[in-house]
1. If you take the alpha carbon radius of gyration of the range 1-104 and divide it by 2.2 N^0.38 Å, what ratio comes out, to two decimals?
2. List the residues, sorted by chain then number, that are 5 or more residues from Val84 or on another chain and whose placed amide H is less than 5 Å from its amide H.
3. Among His108, His14, His22, whose mean-square fluctuation peaks in a Gaussian network model of the chain (Cα, cutoff 10 Å)?
4. Pick from Ala55, Ala86, Ala164 the residue whose mean-square fluctuation is largest in a GNM of the chain, springs joining Cα atoms under 10 Å.
5. Mind grabbing the accessible area of Cys35 for me, 1.4 Å probe, Å², rounded to tens?
6. Taking every eigenvalue of the Cα gyration tensor of the range 111-163, multiplying by 5 and rooting it, what semi-axes result, largest first, whole Å?
7. At what distance in nm do the modelled label points of Ala5 and Glu106 sit from each other, each positioned 7 Å from its Cα along Cα→Cβ?
8. Check each of the trypsin sites (Lys or Arg not before Pro) in the range 1-108 and keep only those in coil by DSSP with at most 16 other C-beta atoms within 10 angstrom; list them in order.
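The values are calculated or read from the model by the stated rules, or taken from the named source; none is laboratory data. Note that the structure is a prediction, hence the values are computed from the model and not measured. All Cβ positions, glycine included, derive from the backbone under ideal geometry; neighbour counts span all protein chains shown. All accessible areas refer to the heavy atoms of the entire protein, side chains included, with ligands and DNA or RNA removed. Shrake-Rupley method; radii C 1.70, N 1.55, O 1.52, S 1.80 Å.
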Amino acid sequence: MLADAGLKWVILGHSERRSLCHESSQVVAEKTVYCLKQGVKVIVCIGETLAQREAGDTSKVVTEQLGEVAKSLGSDASQWKQVVVAYEPVWAIGTGKVATADQAQEVHQTLRSWLSSNTSSEIAQSTRIIYGGSVSAKNCTELASLPDVDGFLVGGASLKPEFADIIKSGSAKDPSSK
Ligand SMILES: O=C[C@H](O)COP(=O)(O)O
């Protein structure tokens with residue numbers, strides 16, 4: 001239905017779907033495969049809760065979430081080209097508590113390394129890993145400059161004039177920095 005309506009992208013695995021609708025990572029992976037078959041590209045959201053971060057489980061949680069998608073897509077670079085990974089710490093979504101640059105870079109780098117080890121170095125380098133969670137005009141420039149942050153998934157700020165500044169921050173990145 002979405003493909004028939006001309007939609008090019010969907011967001012899957014948002015934290016609200018995972019928590020309110022009990023959508024598992026396996027279901028997210030199944031939906032990802034289905035969307036790609038229909039020619040619809042996918043933004044897959046992953047991210048830890050505050051309790052998981054405080055327990056030191058962030059890397060485990062996000063790589064397990066990504067791992068379910070990787071089980072389905074394998075090392076097929078043509079499939080991964082249709083997928084964007086969105087790291088969205090649950091505690092940062094809509095809260096005004098953005099991840100620090102160090103926190104964001106650490107997780108993004110972990111995800112890229114994990115992709116390299118579990119798919120291929122080509123897929124790891126070419127897959128866009130974007131950040132979401134209280135991105136604003138105030139924090140976008142620093143976050144956009146991080147080597148493994150390839151863009152943003154913006155919620156609240158996308159409805160405000162500052163969204164223009166967030167879009168512009170994407171051009172601040174040195175493409176050779178990754
Ligand atoms: O759904 C939107 C994203 O989860 C981020 O939302 P936010 O930028 O308002 O925190």
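1. Rounded to two decimals, the normalised Rg is 1.11.
2. Val42, Ile43, Val44
3. Highest fluctuation among the options: His22.
4. Residue with maximal mean-square fluctuation among Ala55, Ala86, Ala164: Ala55.
5. Estimated to the nearest 10 Å², Cys35 gives 20 Å².
6. 27, 10, 7
7. Between Ala5 and Glu106, the label points sit 4.0 nm apart.
8. Passing sites in the range 1-108 are Lys8, Lys81, Lys97.
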